[in-house]
């Protein structure tokens, strides 16, 4: 009985350790002059935007592969002209980047979910979606799974996009540059809503987006420049010290047949733009992966 009690206690402690991350431990609010706030003992982060400035934050850690989850509640009401960006990125002119961007709209019209992948400084791999819910009414989980074979974008665990590693066919894939997680709320009314035709209505400011329940099962890059894999990062659990073998199931994860079918359903019903089928891009020559 004593051994059983110890086992139960260990399970409970592990469950507590894997609770949502504390934002003040995992992130720095990097700009906005007080418009970004960490609240509720580190369990909630809000970004603000007014006519003077937006705001943003970044992770304290750099990651080299991982599964990143964050719950967001987007700017409500008339959000035209605003963009809430949530992305992984390295630095420099040949940077890698994995983007979620949420393009606001006038009241009653749907948000546009914009995704993109940059490899070695080259982007222009945009796919855009409508969402099958109102992202301003409640929090929803937006996830990036990045491993050596795939970059999978997910919304509430529903896969919407799979960017595959096709290096064997001469197509670059993000694999060597550690990335931090960034997010920002900013004014982009020169392009964000209906190609810039609808401008930000500042009478509705300040605008606000909210974040909670961050979790990263990831390989964190140490001060020595080596990835450290193992336990969940961004929680109270200490990261492991192993290499890729210790990373977890996500490191080799790919979409099974059922999840491929779910992704195709989303793309058939909610995708509104695909760089591979854009007539203007086709006329100029689309990236090589579009033919694969």
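On inspection, residue 153 does not qualify as farther than 17 Å from residue 211 by Cβ and either part of a loop (DSSP other than H, G, I, E, B) or in contact with a helix residue (DSSP H, G or I) (Cβ under 9 Å, 6 or more places away or on another chain) (or both). Of the residues in the range 47-54, at least one is in contact with a helix residue (DSSP H, G or I) (Cβ under 6 Å, 6 or more places away or on another chain) and modelled with pLDDT of 95 or more. Does residue 48 count as touching a strand residue (DSSP E or B) at 6+ places or on another chain (Cβ under 7 Å) and at positive phi? Against the criterion (touching a strand residue (DSSP E or B) at 6+ places or on another chain (Cβ under 7 Å) and at positive phi), residue 48 does not qualify. Would you confirm whether any residue within the range 187-198 is surrounded by 15 or more Cβ atoms within 10 Å (Cβ to Cβ) and assigned to a strand (DSSP E or B)? Within the range 187-198 (the criterion being surrounded by 15 or more Cβ atoms within 10 Å (Cβ to Cβ) and assigned to a strand (DSSP E or B)), the answer is yes, since at least one residue qualifies. Checked against (1) over 25 Å from residue 254 (Cβ atoms); (2) surrounded by fewer than 23 Cβ atoms within 10 Å (Cβ to Cβ), residue 65 passes all but a single condition, namely (1). In the range 132-142, of all residues being surrounded by fewer than 19 Cβ atoms within 10 Å (Cβ to Cβ) and touching a strand residue (DSSP E or B) at 6+ places or on another chain (Cβ under 6 Å), the one that is nearest to residue 274 (Cα to Cα) corresponds to 141. Of the candidates 145, 131, the single residue that is touching a helix residue (DSSP H, G or I) at 6+ places or on another chain (Cβ under 9 Å), outside any strand (DSSP E or B) and either over 26 Å from residue 93 (Cβ atoms) or at pLDDT 95 or above (or both) is 131. Using the structure shown, decide if residue 42 is touching a helix residue (DSSP H, G or I) at 6+ places or on another chain (Cβ under 8 Å) and either modelled with pLDDT of 95 or more or surrounded by fewer than 20 Cβ atoms within 10 Å (Cβ to Cβ) (or both). So residue 42 fits the description; yes. Take the conditions (1) modelled with pLDDT under 95; (2) under 23 Å from the mean Cα position of the chain (by Cα); (3) over 17 Å from residue 67 (Cβ atoms); residue 223 misses just one of them, which is (2). Entry remark, the range 199-228: residues being part of a loop (DSSP other than H, G, I, E, B), in contact (Cβ under 8 Å) with a residue 12 or more places away in the chain, over 23 Å from residue 39 (Cα atoms) and touching a strand residue (DSSP E or B) at 6+ places or on another chain (Cβ under 7 Å) number 1 in total. Residue 166 - would you say it is at negative phi, at pLDDT 95 or above and under 16 Å from the mean Cα position of the chain (by Cα)? Here the answer is no, as residue 166 does not meet what is asked.
Within the range 76-125, the set of residues being surrounded by fewer than 18 Cβ atoms within 10 Å (Cβ to Cβ) and touching a helix residue (DSSP H, G or I) at 6+ places or on another chain (Cβ under 7 Å) comprises just one member, 77.
If you filter the range 261-292 down to residues that are in contact (Cβ under 8 Å) with a residue 24 or more places away in the chain, assigned to a loop (DSSP other than H, G, I, E, B) and under 24 Å from the mean Cα position of the chain (by Cα), you find that the one that is surrounded by the fewest Cβ atoms within 10 Å (Cβ to Cβ) is 287.
The values are calculated or read from the model by the stated rules, or taken from the named source; none is laboratory data. In this text, all values refer to a predicted model and were calculated from it rather than measured experimentally. When we count neighbours, we look across all protein chains shown, and the Cβ atoms used for this are built from the backbone with ideal geometry, even at glycine.
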